[in-house]
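What follows is calculated from the coordinates using simple rules that are stated; it is not laboratory data. The structure displayed is predicted, hence computed values, not measured ones.
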Amino acid sequence: MSFRLAAYAVCIEGGRVLLARHVPPEGESNWTLPGGRVEHAEDPFDAVIREVAEETGCDAVVERLLGVDSRVIPAAERAVPGGPEHQNVGVFYQVRITGGRLRHEPNGEIAESVWTPIPDVADLPRSSLVDIGLTLARSRPATGHVAPVTVGGLIRH
């Protein structure tokens with residue numbers, strides 16, 4: 001099994017959420033939250049601020065921890081065929097943008113970042129991370145844990 005620790009930013013302002021369009025080298029693009037891998041010896045708190053800057057061009061501050069989510073993706077459902085099952089542990093933060101200007105990620109896989117009205121999110125091709133982050137921001141579960149989330153008719157764990 002492969003493993004990844006990641007930190008994600010849930011930026012909500014004026015009924016809109018900041019989303020990033022991920023364009024992988026192979027496969028179709030989808031919308032996701034700004035964020036990504038926590039580097040070796042890096043604190044997830046610092047990682048989410050770094051990832052927002054890298055992917056969107058914006059400066060951010062963390063307002064609070066929303067929760068931690070752990071998902072196991074079976075090998076058969078991996079985007080990269082032939083890989084082992086994969087566990088992603090995501091640390092979700094409520095983040096506020098304090099400066100900078102939206103742009104694409106130079107030399108990266110984020111083609112654009114946009115403020116999206118929350119009601120419009122349901123119609124977008126998106127990562128389950130978006131639904132998890134919005135659920136955490138909306139419900140503020142006491143445990144910080146989110147049950148499996150339905151995305152496009154499929155349950156994602």
What is the Å³ per residue value for the convex hull set by the Cα atoms of the chain? 118
In nm, what is the difference between 0.36 nm times the number of residues separating residue 96 and residue 13 and their Cα-Cα distance? 29.1 nm
Rounded to the nearest 500, what is the 222 nm mean residue ellipticity of the chain from helices alone, with -39500 (n - 2.57) per DSSP H run of 4+ residues and division by all residues? -5000 deg cm²/dmol
Viscosity 1.567 mPa s, temperature 4 °C: what is the translational diffusion coefficient of the stretch 80-132 from Stokes-Einstein with a Kirkwood Rh over Cα pairs, rounded to a whole number of µm²/s? 89
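Subtract the Cα-Cα distance of residue 77 and residue 28 from 0.36 nm times their separation in residues, and report this length gain in nm to one decimal.
16.2 nm
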Please work out the Cα center distance from the stretch 106-121 to the stretch 22-80, rounded to the nearest Å. 13
